[in-house]
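The values are calculated or read from the model by the stated rules, or taken from the named source; none is laboratory data. Source: prediction; values computed, not measured. Here the Cβ positions follow ideal geometry from the backbone for every residue, glycine too, while neighbour counts run over all protein chains shown.
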Amino acid sequence: MYKILANEPLVPNIHLIKIEAPAIARKALPGQFAVVRVDEFGERIPLTLADWDGEEGTITVLIMQVGTSTQKLAALNAGDHILNLAGPLGLPSHLDKFGTVVCAGGCYGVGAILPVARALKGLGNKVICIIEARIKNLLYWQEKLQQVSDELIVTTGDGSSGYKGWAYDPLKEMLEKGGKIDRVFAHGCTFMMMLTSEATKPFGVKTLVALNSIMVDGTGMCGCCRVSVGGKTKFTCVDGPEFDGHEVDWELLAARRTIYLEEEIRSLTHWECQRWYKPIVKVVEV
Amino acid sequence: MPRQDPKVRGKNFKEVALGYTDEMAVREANRCIQCPKRACVEGCPVYIDIPAFILAIREGNIEEAVTILKSKNALPGICGRVCPQETQCEIVCSLAKKGAPIAIGRLERYVADWELKHGSNPGSSSSLLPSSGKRVAVIGSGPAGLTCAADLAKLGHEVTIFEALHVAGGVLTYGIPEFRLPKNIVQNEVDYVKSLGVEIRLDSVIGKLATVDELLEGGYDAVFLGTGAGLPMFLGILGENLNGIYSANEFLTRVNLMKAYLFPEYDTPIKVGRRVAVIGGGNVAMDAARCALRLGAEEVYIVYRRSRIEMPARREEVENAEEEGIIFKLLTNPKQFIGNDQGWVTAMECYEMELGEPDASGRRRPIIKPGSEFIIGVDVVVVALGTTPNPLVPSTTKGLEIAKAGTVVADEETGKTTKDRVWAGGDVVTGAATVISAMGAGKRAAASIDAFLRS
């Protein structure tokens, strides 16, 4: 059992969850993830570590409420427990002193780039963070990212804040103007990471993406998370999650992420019915 | 032994073999001639005193039978179900030549089930040796790890098992299905190991959360690696990453560990499939095919490149599968998978095979018949070609010699590896093998670790 210390909604649908996990917090490195199983009936889902504190013994993950597991997590309160938590898993990000580095984040990936950006800054890089959201109200963590970057560029799809467009737009602009960028890290949805990789490819700027395949065990046992990188089959959980975005077969990844769409909807409906039903039973018991 | 009717059992996940009644057990025990040869004991990888426990059944002293079994085997309920007795203790039985050998496995299961029904026999503190003050870390809670931990605890050492998954049992939990090995049996045997004083830490991925070296520096006097063979092999042919194609590990883990057969009550889904092809001819292939059938598939094929006699699966399991209606497509090997524009598998192109000269395994080598390609329509495929050791621990442990196949090099008799204070046993050393051979290795390593700790 792992205690939830905080559950804060950051923006609609995205929650910050802080969990007591001293052993994981001591070992965590940027780019790694943990596998969470909320309760006895739960799935095992991977969540990127957005932050951790070795001294305090805590880890922080950002979740986007999409399926049953993330809905269950979002419904927990501080003081509640999750049943299982394994980590830190996956290979850490390959960080070094590159020069000028862009860290692009979208959706829940905005959280995931914080530790990467912080470590890159610590290594003496010039760090430019670019975050994207559909509208202004979905932006979060600007102040936190500001602290770990030399420049923070905010983009919104509707132009309600900052640059009108998506994270790859200002990146492309910089590259087109001849700006020197030595490395790009992108965390976000499949589409965002694909577009970012496509934007940098003509300029030959190495772009590392954190893939979000479906997983079960997260330790290399099942092969559910297999992706094709440079024509070779790799397991996201143990060979990744970070891969060269110019080598990833995006179409395969997108297809494999849809395997359980029907079941995910069915599962969510089942869970919601259970939830509506439960409080009524409690009232009757009182 | 009575079994569920094939038509009924093909639709449920309850145990297929129902076990002996008291009368049946005594009748079978009475057949044992208590011969002086005791070849069965030599045939058993953990040297259970088989004639003695059978005699105890005959005399109606089942409690004594439990004690005899458990003095050598901490997991009799599991072994009685999944050991290949027909190639170990039963094949050398004196009665084997005169017809049917004693059904040793079924009697072992009977005794274990009796214990479960009549209240378990917890590891009483009197059977444990006084504390040695030494600490051992066991990595993995499969058959090798559980056995090694149980023996070390009985010898007075403080043992901690580190398990990566959220339930203990390793392959017994994630791999072997409920209908062949009920999970309450596994849980019961795990509880027995805990009752000996062994601590089991779940969700602990060694190699990530801590390395073997950190365990050795952090107060453990010795480490036993029982991490199994958890890395699935794929065919490496075109279309293998299409949706609907599973490794047997994934398919079985979803069903057994995550209980996808109870979806949506349990959250983990699985694709049921209308026509399912399972590639391979081992026990894991049989398990996957029989799971697919129980999930509701209309047709399930076993696709195997050799003929029936070369199949590595136990004959009993092949017969069970056949009775339940699994269709065997022998001397058949996939060439490529064909998908639709949404990325889902729709068909499999196969070669017909023929058998040539024996290969290194002693079995006749399968050869492609030129121009024999044909198509089988499928919507789910399970690849059950075998597994190799998971590199998580070996790759993060300095000084551990690793063989070409990814297995850890260890002394066959003692389990000692090339690294000081580190032992290994089970599938991580041998590659995928049987539950009982892993238990045998766990036992031998425990003896060697004990000798080291006392020296």
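Looking for something surrounded by fewer than 24 Cβ atoms within 10 Å (Cβ to Cβ), within 14 Å of another protein chain (Cβ to nearest Cβ), touching a strand residue (DSSP E or B) at 6+ places or on another chain (Cβ under 7 Å) and outside any helix (DSSP H, G or I) - is there at least one such residue anywhere in the range B:142-159?
Looking for residues that are surrounded by fewer than 24 Cβ atoms within 10 Å (Cβ to Cβ), within 14 Å of another protein chain (Cβ to nearest Cβ), touching a strand residue (DSSP E or B) at 6+ places or on another chain (Cβ under 7 Å) and outside any helix (DSSP H, G or I), one finds none in the range B:142-159, hence no.
For the range B:164-205, enumerate the residues that are within 13 Å of chain A (Cβ to nearest Cβ) and under 17 Å from B:MET439 (Cα atoms).
Those that are within 13 Å of chain A (Cβ to nearest Cβ) and under 17 Å from B:MET439 (Cα atoms): B:ALA168, B:GLY170, B:VAL171, B:THR173, B:GLY175.
If the Cβ limit is 6 Å and pairs must be 6+ apart or interchain, which residue in the range B:139-156 that is touching a residue at least 40 places away in the same chain (Cβ under 8 Å) pairs with which residue that is among the hydroxyl-bearing types (Ser, Thr, Tyr)?
Close Cβ pairs satisfying both conditions: B:ILE139/B:THR227; B:GLY140/B:THR227.
Considering the range A:232-262 alone, what residues qualify as being without any contact (Cβ under 8 Å) to a residue 60 or more places away in the chain, among the acidic types (Asp, Glu) and in the same structural domain as A:CYS222 (by TED's automatic domain parsing)?
Passing the criteria: A:ASP244, A:GLU247, A:ASP249, A:GLU251.
Considering only the range B:385-416, state which residues are in contact with a Pro (Cβ under 9 Å, 6 or more places away or on another chain) and of a type in the set (A, V, I, L, M, F, W, C).
B:LEU385, B:LEU400, B:ILE402, B:ALA405, B:VAL408 - these are the residues of the range B:385-416 that are in contact with a Pro (Cβ under 9 Å, 6 or more places away or on another chain) and of a type in the set (A, V, I, L, M, F, W, C).
With respect to A:LYS172, determine if the residue is in contact with a strand residue (DSSP E or B) (Cβ under 8 Å, 6 or more places away or on another chain), farther than 18 Å from A:GLU242 by Cα, at pLDDT 95 or above and not assigned by TED's automatic domain parsing to the domain that holds A:GLN32.
In short, no.
Of a type outside the set (D, E, K, R), surrounded by fewer than 20 Cβ atoms within 10 Å (Cβ to Cβ), under 26 Å from the mean Cα position of the chain (by Cα) and not in a helix (DSSP H, G or I), is that true of B:TYR47?
yes
Looking only at the range A:254-271, which residues are aliphatic (A, V, I, L, M) and farther than 15 Å from B:TYR246 by Cα?
A:ALA254, A:LEU261, A:ILE265, A:LEU268
Got at least one residue in the range A:158-174 being of a type in the set (S, T, N, Q) and either in contact (Cβ under 8 Å) with a residue 60 or more places away in the chain or surrounded by 21 or more Cβ atoms within 10 Å (Cβ to Cβ) (or both)?
No, the range A:158-174 has no match at all.
One residue is enough: does the range B:355-376 have a residue meeting the conditions within 14 Å of chain A (Cβ to nearest Cβ), buried (at least 17 other Cβ atoms within 10 Å of the Cβ) and not aliphatic (A, V, I, L, M)?
no
So A:HIS270 fits all but one of (1) more than 10 Å from chain B (Cβ to nearest Cβ); (2) surrounded by fewer than 19 Cβ atoms within 10 Å (Cβ to Cβ); (3) modelled with pLDDT under 95; what number is the exception?
Unmet for A:HIS270, out of (1) more than 10 Å from chain B (Cβ to nearest Cβ); (2) surrounded by fewer than 19 Cβ atoms within 10 Å (Cβ to Cβ); (3) modelled with pLDDT under 95: (1).
Count, please, the residues in the range A:86-97 that happen to be away from chain B (no Cβ under 14 Å) and crowded, with 18+ Cβ neighbours inside 10 Å.
Here the count works out to 2.
Being in contact with a helix residue (DSSP H, G or I) (Cβ under 6 Å, 6 or more places away or on another chain) and hydrophobic (A, V, I, L, M, F, W, C) is the filter here, so list the residues in the range B:80-101 that pass it.
Correct list: B:VAL82, B:CYS83, B:CYS89, B:VAL92, B:CYS93.
Each row is one residue, and each column tells you yes or no for (1) within 14 Å of chain B (Cβ to nearest Cβ); (2) within 22 Å of B:THR253 (Cα to Cα); (3) under 20 Å from the mean Cα position of the chain (by Cα).
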{"site": "A:PHE191", "(1), (2), (3)": "no, no, yes"}
{"site": "A:THR207", "(1), (2), (3)": "no, no, yes"}
{"site": "A:ILE214", "(1), (2), (3)": "yes, yes, yes"}
{"site": "A:LEU252", "(1), (2), (3)": "yes, no, yes"}
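Which one of these does B:ILE245 not meet: (1) in contact (Cβ under 8 Å) with a residue 40 or more places away in the chain; (2) crowded, with 22+ Cβ neighbours inside 10 Å; (3) β-branched (Val, Ile, Thr); (4) in contact with a Lys or Arg (Cβ under 9 Å, 6 or more places away or on another chain)?
(4) is the only condition that B:ILE245 fails.
When you scan the range A:238-248, do you find a residue that is buried (at least 20 other Cβ atoms within 10 Å of the Cβ) and within 10 Å of chain B (Cβ to nearest Cβ), even just one?
Yes, some residue in the range A:238-248 is buried (at least 20 other Cβ atoms within 10 Å of the Cβ) and within 10 Å of chain B (Cβ to nearest Cβ).
Given the conditions (1) out of contact with any helix residue (DSSP H, G or I) (no Cβ under 8 Å at 6 or more places or on another chain); (2) within 14 Å of chain A (Cβ to nearest Cβ); (3) among the charged types (D, E, K, R), which single one is not true for B:ARG275?
(2)
Looking for something at pLDDT 95 or above, surrounded by fewer than 21 Cβ atoms within 10 Å (Cβ to Cβ) and touching a Gly at 6+ places or on another chain (Cβ under 6 Å) - is there at least one such residue anywhere in the range B:431-444?
Looking through the range B:431-444, none of the residues is at pLDDT 95 or above, surrounded by fewer than 21 Cβ atoms within 10 Å (Cβ to Cβ) and touching a Gly at 6+ places or on another chain (Cβ under 6 Å).
Listed here are the residues, each with its yes/no results for (1) crowded, with 23+ Cβ neighbours inside 10 Å; (2) modelled with pLDDT of 95 or more; (3) within 30 Å of A:ASN84 (Cβ to Cβ); (4) within 14 Å of another protein chain (Cβ to nearest Cβ).
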position	(1), (2), (3), (4)
A:LEU114	yes, yes, yes, no
A:GLY122	no, yes, no, no
A:GLU151	no, yes, no, no
A:GLY178	no, no, no, no
A:GLY204	no, yes, no, no
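Go through the range A:1-51 and report how many residues are among the hydrophobic types (A, V, I, L, M, F, W, C), more than 14 Å from A:ASN77 (Cβ to Cβ), in contact (Cβ under 8 Å) with a residue 60 or more places away in the chain and within 14 Å of chain B (Cβ to nearest Cβ).
Looking only at that region, the number is 9.
Here's a check for you: in the range B:409-421, which residue that is crowded, with 23+ Cβ neighbours inside 10 Å and touching a Lys or Arg at 6+ places or on another chain (Cβ under 9 Å) is farthest from B:GLY431 (Cα to Cα)?
B:GLY415
List every residue pair whose Cβ atoms lie under 6 Å apart, where the two residues are 6 or more positions apart in sequence or sit on different chains, the first residue falls within the range B:60-82 and is more than 17 Å from B:MET24 (Cβ to Cβ), and the second residue, located anywhere, is acidic (Asp, Glu) and surrounded by fewer than 24 Cβ atoms within 10 Å (Cβ to Cβ).
Close Cβ pairs (under 6 Å, with a partner that is acidic (Asp, Glu) and surrounded by fewer than 24 Cβ atoms within 10 Å (Cβ to Cβ)) amount to B:VAL66/B:GLU115; B:ILE68/B:ASP49.
How many residues, within the range A:191-226, are of a type in the set (Ser, Thr, Tyr), over 19 Å from A:VAL238 (Cα atoms) and in contact with a helix residue (DSSP H, G or I) (Cβ under 6 Å, 6 or more places away or on another chain)?
Going through the range A:191-226 one residue at a time, the tally reaches 2.
Which strands (runs of 3 or more DSSP E) sit wholly inside the range B:325-416 and have at least 2 residues that are closer than 28 Å to B:GLY239 by Cβ and more than 23 Å from the chain's Cα centre (by Cα)?
Here the list reads B:327-329, B:332-339, B:345-358, B:364-368, B:374-377.
Could you list, in sequence order, all residues of the range A:255-267 that are under 16 Å from A:CYS189 (Cβ atoms), at the interface with another protein chain (Cβ under 8 Å from one of its Cβ atoms) and out of contact with any strand residue (DSSP E or B) (no Cβ under 7 Å at 6 or more places or on another chain)?
Listed by number, the residues that qualify are A:THR258, A:GLU264.
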